[in-house]
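Heads up: the structure comes next, in structure tokens.
Every read-out reported here was derived from the displayed coordinates using simple, explicitly stated rules and does not represent laboratory data. All values reported here derive from a predicted model rather than from experimental measurement. Don't worry about glycine lacking a Cβ; one is built from the backbone with ideal geometry, like all the others, and counts go over all protein chains shown.
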């Protein structure tokens, strides 16, 4: 399976350039949620053109410019477990993976998030400024009270540590390299990729939900109710009408 990218060249759609972008299956869950489903959620929102198209492009960039390259590094990490390679080359795989994954979250996701909620930049600030920004946001958005524990948990369980490791790789401060030795592990890389892309999907879906029409909400379907072929995670609930099973 492969991902193909279509480039609008300005002519008729049949003339647009199609390139083989990556050997990544469309059935990968991060592809289904962030490349296929998330733009559809935006289409149902009250974000209108031209802002809608800008937002969808920013969301797609998270995958095409961040998560997919990181996933390719993860595939190389998987392959390296059955190979005898120099330690320098092995460590470079994890370091490239880390930088790409942090870019996906810190830069690309933030860019998309701010198109929906300009104040959301506090997510990426240090502890005191994060709490200050969260408090201010809570005064504007009722949902903030519900999601605050989730956002704090992301910071303490992986976000702060990933950001620190990325900063160490980019700037080589005086931190003992042994502090980050656990990051050079296939199991850690697998868990981290899963954790980061799911956090991106959670935050984007939460922000999209702020822009749905009155009386409409976003509901996460139980896994057993999702379509087995195109497993959409969310459905819409309209006040007075129960959510429908994905078919």
Among 147, 35, 179, determine the one that fluctuates most according to a GNM of the chain built with springs between C-alpha atoms less than 10 Å apart. 179
Between residue 228 and residue 169, with labels modelled 7 Å along Cα→Cβ, what's the label distance in nm to one decimal, could you check? 3.9
Value at 222 nm in deg cm²/dmol, rounded to 500, when DSSP H runs of n ≥ 4 in the chain each add -39,500 (n - 2.57): -14500 deg cm²/dmol
Taking neighbour Cβ counts within 10 Å as the exposure measure, how do 48, 150, 184, 94 sort from fewest upward? 48, 150, 184, 94
